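Worksheet: one structure, shown below.
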Amino acid sequence: MSRNLRIFLGVAFWIPFSWFVWSFFKGYSHGQLLQNMEVCGRELGIHLAEANNKKNAASFVMCLKGRTQWLSWWYLDPERLYQIVQPHTPCQWVGRWQVKRGDTLTFAIELNAYGRYQIDSSTLKSTLAQDESSYQGVWSSPELNRILWFTDGRLWPIDDNPVEWLNSDQLVIHELDGVNTYYQRMTSRVPNCPTYP
């Protein structure tokens, strides 16, 4: 067998095999985490919908950490759930924002300095049905170009989005589904707060 043929057959085998192993690992990790969430909820005597409030989140994450294999823990990074307990709330984010996602969704949202967000349902205009349970929760921005949303009553998956600041009053959030959401500040910035970018 020629060298080129061996290389071709090796690549033809290892690429699909690697993809299969990666897909299996991802599915296994998510399955293990969801199973551990149920077990920790039973052990701590809390419903999963209550696991993301500040009172329960720290003990819930500690239970998950003790039950989840280290490689799955590293890949899924559920330690981000600690952001519920101690959200990073840079002053640049605090205030009321007008939000627009394509031609399908517009609304106003209030991000307070204590890490809570609230969508003003009276300003909501959408061509698609919306889940009202997602109208409030915890927000956290641990890095300049990143924001995490924790909807009340939902623990997983974490809505962890990259952010692109256009100027101190405008930004774009790149959603996990590939859609861009545009934010325009409606209120004045917090006094003495340095500006982004």
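Out of 92, 35, one residue alone is part of a helix (DSSP H, G or I) and at pLDDT 80 or above. It is 35. Residue 20 satisfies every condition listed in (1) at pLDDT 75 or above; (2) within 20 Å of the chain's Cα centre (by Cα); (3) not in a loop (DSSP other than H, G, I, E, B) except (2). Would you check if there is a residue in segment 99-115 being within 22 Å of residue 180 (Cα to Cα), touching a residue at least 12 places away in the same chain (Cβ under 8 Å) and of a type in the set (S, T, N, Q)? Yes: segment 99-115 contains one or more residues that are within 22 Å of residue 180 (Cα to Cα), touching a residue at least 12 places away in the same chain (Cβ under 8 Å) and of a type in the set (S, T, N, Q). Determine whether segment 155-170 contains at least one residue that is on the phi > 0 side of the Ramachandran plot and modelled with pLDDT of 80 or more. No; the residues of segment 155-170 include none that is on the phi > 0 side of the Ramachandran plot and modelled with pLDDT of 80 or more.
How many of the residues making up segment 111-135 are outside any strand (DSSP E or B) and at pLDDT 75 or above? The total comes to 5. Contact map, segment 18-39: residues that are within 18 Å of residue 158 (Cβ to Cβ) paired with residues that are surrounded by 13 or more Cβ atoms within 10 Å (Cβ to Cβ) and among the hydroxyl-bearing types (Ser, Thr, Tyr), Cβ distance under 7 Å, separation 6+ or inter-chain. Pairs shown: 29/72; 29/75; 32/68; 32/72; 33/68; 33/72; 36/68.
Within segment 177-189, the set of residues being at pLDDT below 80 and either among the aliphatic types (A, V, I, L, M) or exposed (fewer than 15 other Cβ atoms within 10 Å of the Cβ) (or both) is empty. Taken together, the residues in segment 14-38 that are of a type in the set (Val, Ile, Thr) and surrounded by 13 or more Cβ atoms within 10 Å (Cβ to Cβ) amount to 0. Please find, within segment 151-176, the residue that is surrounded by the most Cβ atoms within 10 Å (Cβ to Cβ) out of those that are more than 22 Å from residue 123 (Cβ to Cβ) and in contact with a Lys or Arg (Cβ under 9 Å, 6 or more places away or on another chain). Out of the qualifying residues, it is 158.
The values are calculated or read from the model by the stated rules, or taken from the named source; none is laboratory data. The structure displayed is predicted, hence computed values, not measured ones. For neighbour counting, all protein chains shown are included, and Cβ atoms are generated from backbone atoms with ideal geometry for every residue, glycine included.
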